[in-house]
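Data block below; observations after.
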Amino acid sequence: VHNAEDAKRKGAPVDWVAQEPVFTKFQPIGVGARAAHPNAAKLFVDFMLSEEGQKIIASFGRVPTRIGVPTTVRGIEQLNFVVDDISAGDDFNKNYELFRNVFSGPKS
């Protein structure tokens, strides 16, 4: 969605249509167990989740997750989102290979 919205803002003759329900996924942020600078990493996470950090996310055409931070993606507030089952990660390699085969063709 963010790519289509960005292109449209730049004058491209494109648009996007959502068919409900709209499936979405988590975009996690965290601190690695062996982070070289764990306190700096924690501060970064806090900043990215803050109002200011989420406004930066929105400025890139992404959808912020913090309530009260507006998005530049028009009409997204009215959509019915369903988060993908977190267990999909268990089959990531199988799903990735299927996706790649469907959209890129089998490995040569």
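The values are calculated or read from the model by the stated rules, or taken from the named source; none is laboratory data. Only a predicted model underlies this, so the values are computations on that prediction, with no experimental measurement involved. Backbone-built Cβ (ideal geometry, glycine too); neighbour counts: all protein chains shown.
Scanning segment 63-82 for residues that are in contact (Cβ under 8 Å) with a residue 60 or more places away in the chain, under 12 Å from Val22 (Cα atoms) and of a type outside the set (Phe, Trp, Tyr) yields Ile76, Leu79, Asn80, Val82.
Just one residue in the set Phe81, Phe103 is of a type in the set (A, V, I, L, M, F, W, C) and in contact with a strand residue (DSSP E or B) (Cβ under 7 Å, 6 or more places away or on another chain); that residue is Phe81. Pairing residues of segment 40-57 that are closer than 21 Å to Pro70 by Cβ with residues that are at pLDDT below 95 and assigned to a helix (DSSP H, G or I), at Cβ distances under 9 Å and at least 6 apart in sequence or on separate chains, gives Met48/Ile57.
Residues are listed down the side, and each one gets a yes or a no for (1) under 25 Å from Val14 (Cα atoms); (2) not charged (D, E, K, R):
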residue: Phe26; (1), (2): no, yes
residue: Gly32; (1), (2): no, yes
residue: Ile57; (1), (2): yes, yes
residue: Ile76; (1), (2): yes, yes
residue: Phe81; (1), (2): yes, yes
residue: Asp91; (1), (2): no, no
residue: Tyr96; (1), (2): no, yes
residue: Lys107; (1), (2): no, no
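Among the residues making up segment 21-39, those that are part of a loop (DSSP other than H, G, I, E, B), out of contact with any strand residue (DSSP E or B) (no Cβ under 6 Å at 6 or more places or on another chain) and not β-branched (Val, Ile, Thr) are Lys25, Phe26, Gln27, Pro28, Gly30, Gly32, Ala33, Arg34, Ala35, Ala36, His37. Quick check: is even one residue across segment 4-17 in contact (Cβ under 8 Å) with a residue 24 or more places away in the chain and surrounded by 11 or more Cβ atoms within 10 Å (Cβ to Cβ)? Checked against the condition, which is being in contact (Cβ under 8 Å) with a residue 24 or more places away in the chain and surrounded by 11 or more Cβ atoms within 10 Å (Cβ to Cβ), segment 4-17 yields at least one hit. Looking at Thr72, is it in contact with a strand residue (DSSP E or B) (Cβ under 6 Å, 6 or more places away or on another chain), of a type in the set (Ser, Thr, Tyr), modelled with pLDDT under 90 and at negative phi? Taking the combined requirement at face value, the residue does not satisfy it.
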